[in-house]
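A.B. asks: Dumping the structure here so I can ask a few things about it.
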Amino acid sequence: LTDWLAPESLEAALELRAEHGEDVTVLAGGTFLAILMNQGFLAPRRLLSLSRVPGLERIAVVDGELRLGAMVTHRAVERSAAVRGGWPVLAEAFSLVASPRVRHQATVGGVLADADYASDPPAVLAALGAGVVLRSARGERTVAASELIRGYYETCIAADELLVEVRVPPSPSRAVYRKFRSRSSEDRPCVAVAAVRGRVGLRVVVGAVADRPQELPEVCALADTSLPDFELAAEIGRRYAEGIEPMSDSRGSADYRRRVIAAEVRRAVEALA
Amino acid sequence: VRLVEYAQDAAADGMWHAAFVRSPLAHARVLGVDASALPAGCVALLPADTAGLGRYGCQLKDQDVLADPARFVGDIVAAVAAPTRAEARAAARTLAVDYEELPAVFDPLAAVAEGAPLIHPEAGASARDAVAIDLRPLAGTNVCHRFRLLQGDVERGLTQAEVVVEETFRTASAQHAPMEPHATLAAWTPDGRLDLTTGTQTPFNLRDDLAGVFGLAPERIRVAAPPMGGSFGAKTFTRLEAVTACLARKAGRPVKAVLDRAEEFVTLNRHPAVVRVRVGAAADGTLVAKQVDCWADTGAYADCGPGVATKMGYAGVGPYRIPHVRVDAHAVYTNLPPNGAFRGYGATQSVWASERAMDLLAERLDMSPLELRRANLLRDGDRFATGEVMRDVHFEECLEAAADAVGYREDPRGKGLCVLLKGMQTPSRAAIAVERTPVGYAIRSASCEMGQGIRESLRLQGAALLGCEPGQIEVPDPDTDSSPFDTRTTSSRSTHMMGRALRAAVDDMSRNGGQRGYGEIANDGGLDPDTGQGIASTHWHQGAAAAHVSVDPDTGRVTVENLHAAVYAGRVVDRAGAELQNEGAMIMGLGTALFESIEHADGQITNANLSDYSLPALGDLPRRMSHELIERDGAEAHGLGETALPPVPAAIGNALGSLGISLTDLPMTAEDVLA
């Protein structure tokens, strides 16, 4: 490591980001980067810390839309009265990440930009239809949380962009997040299921089972014509299990994940009924 | 608030920091180390620097200060000292090591198979007893120790059996994961003494081992042992001390080494094991014969693997009367990081196998697992398979207490039991010195504090004997220059052994003027490694656990509804401390039972961090968890720091067994439960 960049304004941060592009690693809470660096998997030459950029730790509700700055910690989401009141499923999902020590440090922007397949928030943010604000010196664009992650540790964030905010539309009253852990209670999910039922119908997003959160709109459409009952929930669970190609890791084999997806998707949809 | 100074906090004037160059290959000759890119102002310890130094190892001297060949991914082949830790780590990356890869083996059964690559081809010739354990290495193999126990004639016994159960069990490797990592500060004094401050449970064993490395008289080495931020067996014998001392000598200044979390996973782990059990009973459930075969994977170096294999062997017999017994236990080299002492010391592995086999046997006999155990438990005056007569026996009391706590008799469905016997290091010696101070007394011993509470235990015992308040007693940190000799702080022996030595020291003081006293006790014994006969343990750790579980039928996720452990304590010295020991042991047992497992690919540990390696957390505690300390009037204090760990996995495994989910391997993952 040769350079530690800690700009004190967003403009300065964007300038540095544009200047260094791929040669700078953006640092938010550091819970993920630190593990990779400690283990020697990553040896960034330059770190761009967002810790001194003002405003990125703000939580606000604007016209019914929740706005979470990139540097908002998991703990802050979990404890925010605004989030707990309007987006309880989001508060719940963030409260299930690791331990309080980690949640005090890990950030909303970090967990999305890392694109770690085994994280909790991406699935629930995708299911809620959240948008992710990416800014650069060129301007600003918003991409759907469900489109942000492109593969293992890969996002659509350009080399000169910074993830600055997450915007979550009003939450449907029926929303559930189920985190299935195959090991310790503080482990990452083996299978994560976020399901919501609102004006646009049923959305079920399964996280932690493949390179990016998995959503099968044609299966969810089964719920358009009839209210989900136990039978339909089981059918949706079965179809998700068939439609996803899960991966194997130390939390479970692909075959095992398939069985858990069937059960956990069924339970999530049942909970919405 | 009184801050504890850990070894990690130790500092000295002009001190530099160490970093290690570790082999990326599981087995490879070191052809050369190129240090030409080493930054100025750093010092590198290279193979040539350690030529002529002795080898070390607590039971078998099979380890060099710098490895050549490297025998596991992470083996230290060179080292660097620099003014800061970051500089040292950066400098270590500048060393270029040229390797010639050798064939490697990662499984104990593969390692004992014909044609397996030999990890220590010289093993068998260099065997040297360093800790009063008779070693039986098998020359020309990867077996660094074989322990056998023979009583009666197992084959004949099995022909008399109505029912015979035969099953092979496996247990995974685990990390101790103490909060404080390994930390060592080494300095050479102007007159050539080695002065070490290090987190260790074994200051005197370490001193002797290093004396052999440097060709010094043991008294020329000082080991100061500050309290440890946890150890659980990890900080035993020689770990970083030899290489750090060499670095300090070459740098001409004090050098400190502190490991990071990933390095902990390549420093010392728990022995993964394969345990095969054959056990036979008459139709009425009377055990007639038992055969236990163990293969303890000790990794690239023996460390205390021979001792672990021995204890694994006899603990696998279980606390039962069995006329015909044969144990054949092997400590086996593989190309994995060394495995060594770990809370439960061999018993964890074989108790799992032995007590699961008891439930399988009960099922075949159509008998209650509780009744099968009760019918065969050792009772006062019985002989154990080692030939020793058992005294102060409380297995049945422990088992009954555990069973009652989960309502086993009322309804055994979803419930499981386990009862165990575990030995204490034998032979062993403990000595202690007491002296008057202006405010009270100082009690000096080499018993090391690692959070288990030995200082409080000594204070409380001292206060009772000396008629003062515990707060008037000072317990200085162990220091081989000023503490009397003690075998080591392991095997739950300190409160028991030091308590007895303390009584002798206080007697000595009152007989000799009341200013200072010295007490020493020695326990003789040991087992013949070819027959397993002798004295395995001068006092027995006795315990039981019972579990009640439920299973999510769709995911296999196990919920422990209720877990209870009963441990024989003899006489409780420090109730709060003893309770914490029970709880801590049970929680560690939960991790072992359900998810802890060190994983590797071609010898490279793939989950060497606390995100991928799963430790039990508060949310993993059973819905209900309780325990008890069983006492007897007039009894000696019994060791209890480990007893509640080994029975937990089998209690849970047997509870699953009662639901028709019969598992043989640890951990019992949700996936295994569902399969």
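A.B. asks: Please give the contour-minus-distance gain from A:Arg138 to A:Glu218: 0.36 nm per residue of separation, less the Cα-Cα distance, rounded to one decimal in nm.
C.D. replies: 25.1 nm
A.B. asks: Kindly state, to the nearest 0.05, the FRET efficiency for B:Ala635 paired with B:Arg364, given R0 = 41 Å and r defined as their beta-carbon distance.
C.D. replies: 0.65
A.B. asks: Now, a different point. As a check on your grasp of the helix formula, calculate [θ] at 222 nm for the protein assembly as shown: sum -39500 (n - 2.57) over DSSP H runs of n ≥ 4, divide by the residue count, round to the nearest 500. If you can, show how the numbers build up before the last one.
C.D. replies: Values: 28 runs with 263 residues, N = 948.
Roughly -8000 deg cm²/dmol at 222 nm, from the helical runs in the protein assembly as shown.
A.B. asks: Could you sort out which of A:Lys179/B:Lys415; B:Lys61/B:Lys256; A:Lys179/B:Lys235; A:Lys179/B:Lys311; A:Lys179/B:Lys422; B:Lys235/B:Lys311 sit more than 31 Å apart by Cα distance in this structure?
C.D. replies: On the way: A:Lys179/B:Lys415 27 Å; B:Lys61/B:Lys256 24 Å; A:Lys179/B:Lys235 37 Å; A:Lys179/B:Lys311 41 Å; A:Lys179/B:Lys422 39 Å; B:Lys235/B:Lys311 19 Å.
From the list (A:Lys179/B:Lys415; B:Lys61/B:Lys256; A:Lys179/B:Lys235; A:Lys179/B:Lys311; A:Lys179/B:Lys422; B:Lys235/B:Lys311), the Cα-Cα distance tops 31 Å for A:Lys179/B:Lys235; A:Lys179/B:Lys311; A:Lys179/B:Lys422.
A.B. asks: Here is a follow-up. Rounded if a/c is under 1.5, else prolate if a/b is larger than b/c, else oblate: which is the stretch A:17-80, with a ≥ b ≥ c the root eigenvalues of its Cα gyration tensor?
C.D. replies: Note, shape of the stretch A:17-80 comes out oblate.
A.B. asks: May I ask for the distance between the Cα centers of the stretch B:566-644 and the stretch A:230-255, given as a whole number of Å?
C.D. replies: 35
A.B. asks: Taking square-rooted eigenvalues a ≥ b ≥ c of the alpha carbon gyration tensor, is the stretch B:459-538 rounded, prolate or oblate, where a/c under 1.5 means rounded and, failing that, a/b exceeding b/c means prolate?
C.D. replies: prolate
A.B. asks: Looking only at the stretch A:1-18, which residues have a backbone nitrogen under 16 Å from a spot 7 Å from the Cα of B:Thr84 in the C-beta direction?
C.D. replies: Backbone N within reach: A:1-5.
A.B. asks: Give, in whole angstrom and from largest to smallest, the semi-axes √(5λ) of the equivalent ellipsoid of the protein assembly as shown, with λ running over the eigenvalues of the Cα gyration tensor.
C.D. replies: Computed over the protein assembly as shown, the values are 48, 37, 27 Å.
A.B. asks: Counting other beta carbons within 10 Å of each Cβ, put B:His548, B:His271 in order, fewest first. Write out the running numbers ahead of the final one.
C.D. replies: On the way: B:His548 27, B:His271 32.
Result, fewest neighbours first: B:His548, B:His271.
A.B. asks: What's the percent breakdown of Cα-Cα distances in the stretch B:348-408 across 10 Å bins, shortest bin first?
C.D. replies: 20, 45, 33, 2
A.B. asks: Can you give the local net charge around B:Arg373? Use residues other than it whose beta-carbon is closer than 9 angstrom to its beta-carbon, Lys and Arg +1, Asp and Glu -1.
C.D. replies: Taking every other residue near B:Arg373 into account, the sum is -2.
A.B. asks: Please compute the length gained on full extension between A:Ser51 and A:Ala81, using 0.36 nm multiplied by the number of residues separating them and subtracting their Cα-Cα distance.
C.D. replies: 8.5 nm
A.B. asks: Is there a quick way to get the dipole size of chain B? I mean about its Cα centre, with the Cβ of Lys and Arg at +1 and of Asp and Glu at -1; what is the value in debye to the nearest 20? Could you put the intermediate results ahead of the total?
C.D. replies: Working: 62 positive and 87 negative charges, 231 e Å.
Rounded to the nearest 20 debye, it is 1100 debye.
A.B. asks: Round to the nearest 0.05 the FRET efficiency obtained for B:Gln604 and B:Asp382 when R0 = 30 Å and r is the Cβ-Cβ distance.
C.D. replies: So the FRET efficiency works out to roughly 0.05.
A.B. asks: Using the number of other C-beta atoms within 10 angstrom as an exposure proxy, rank B:Tyr518, B:Tyr320 with the fewest first. Please report the intermediate quantities before stating the final value.
C.D. replies: Numbers: B:Tyr518 17, B:Tyr320 23.
Taking fewest neighbouring Cβ atoms as first place, the list is B:Tyr518, B:Tyr320.
A.B. asks: Assuming 1.567 mPa s and 4 °C, estimate D for the stretch B:323-437 with Stokes-Einstein, Rh taken as the Kirkwood radius over Cα pairs, in µm²/s.
C.D. replies: 74
A.B. asks: A follow-up question, please. Give me the one-decimal nm value for the distance between modelled label points at A:Glu22 and B:Leu31, 7 Å along each residue's Cα-to-Cβ direction.
C.D. replies: Placing both labels 7 Å beyond Cα along the Cβ direction yields 3.3 nm.
A.B. asks: Now, a different point. Just name one of A:Val97, A:Gly64, A:Ser49: the one whose Cα is farthest towards the positive end of the charge dipole of the stretch A:45-124 (beta-carbon charges, Lys/Arg +1, Asp/Glu -1).
C.D. replies: The one lying farthest along the dipole's positive direction is A:Ser49.
A.B. asks: What nm value, rounded to one decimal, do you get for the distance between B:Ser550 and A:Arg150 when each label is placed 7 Å out toward the C-beta?
C.D. replies: In this crude spin-label approximation the distance works out to 4.7 nm.
A.B. asks: Using only Cα atoms, locate the centre of the stretch A:48-90 and the centre of the stretch B:231-255, then give the distance between them in Å, rounded to an integer.
C.D. replies: What the calculation gives is 47 Å, centre to centre.
A.B. asks: Can you tell me how chain A classifies by the Cα gyration tensor, rounded, prolate or oblate, using a/c under 1.5 as the rounded cut?
C.D. replies: The shape class here is prolate.
A.B. asks: Sticking with this structure for a sec: Can you put A:Leu148, B:Leu206 in order, fewest other beta carbons within 10 Å first?
C.D. replies: Details: A:Leu148 25, B:Leu206 28.
Least to most surrounded, the residues fall as A:Leu148, B:Leu206.
A.B. asks: Per residue of the stretch A:17-34, what does 6.51 cos²θ - 1.76 cosθ + 1.60 with θ = phi - 60° give for ³J(HN,Hα)? Whole Hz please, x for Gly and Pro, Karplus curve as stated.
C.D. replies: My calculation for the stretch A:17-34 gives 4, 5, 5, 9, x, 5, 7, 10, 9, 7, 10, 9, x, x, 5, 8, 4, 4 Hz in order.
A.B. asks: So, R0 is 56 Å and r is the distance between the beta-carbons of A:Asp211 and B:Leu3; what FRET efficiency does that work out to, to 0.05?
C.D. replies: On the way: r = 47 Å, r/R0 = 0.84.
For A:Asp211 and B:Leu3, the calculated efficiency is 0.75.
A.B. asks: Please average, across the residues of A:179-192, the number of beta carbons from any other chain that are within 10 Å of each residue's own beta carbon, and give a whole number.
C.D. replies: Rounded to a whole number, the mean comes out at 6.
A.B. asks: Where in the stretch B:1-28 does the label zone of B:Glu469 land, with the point 7 angstrom along Cα→C-beta and an amide N cut-off under 20 Å?
C.D. replies: Flagged as within label range: B:1-3.
A.B. asks: To the nearest 10 degrees, how steep is helix B:454-466 against the longest Cα principal axis of chain B, on a 0 to 90 scale?
C.D. replies: 80
A.B. asks: Still on this model: With N set to the residue count of the stretch B:100-230, report its C-alpha Rg divided by 2.2 N^0.38 Å to two decimal places.
C.D. replies: Working: Rg = 21.7 Å, N = 131, 2.2 N^0.38 = 14.0 Å.
Output field value: 1.55.
A.B. asks: Quickly work out the B:Arg511-to-A:Ser99 label distance, labels modelled 7 Å from Cα along the C-beta direction, and quote it in nm with one decimal.
C.D. replies: Reported label-point gap for A:Ser99 and B:Arg511 is 5.1 nm.
A.B. asks: So how compact is the stretch B:409-555: Cα radius of gyration and Dmax in angstrom?
C.D. replies: Rg, Dmax (Cα atoms, Å): 20.4, 73.
A.B. asks: Please report the net charge: other residues with Cβ closer than 15 Å to the Cβ of B:Gly513, K and R +1, D and E -1.
C.D. replies: Cβ neighbours under 15 Å give a net charge of 0.
A.B. asks: Quick one: length gained pulling B:Ala375 to B:Thr159 fully straight, 0.36 nm per residue minus the C-alpha distance?
C.D. replies: Result for the pair: 75.7 nm of gain on full extension.
A.B. asks: Something else: Can you tell me the relative contact order of the stretch B:301-356? Whole percent, Cα pairs under 8 Å, sequence separation 6 or more.
C.D. replies: That works out to 55 percent.
A.B. asks: Please list log₁₀ I(q)/I(0) at q = 0.18, 0.20 Å⁻¹ for the stretch B:477-607, using the Debye equation with identical point scatterers on the alpha-carbon positions.
C.D. replies: Rounded to two decimals, the profile gives -1.18, -1.24.
Throughout, read-outs are computed from the coordinates displayed, never taken from laboratory work. Because the structure is a prediction, the values reported are computed rather than measured. Ideal geometry is used to build each Cβ from the backbone, glycine not excepted, and the neighbour counts take in all protein chains shown.
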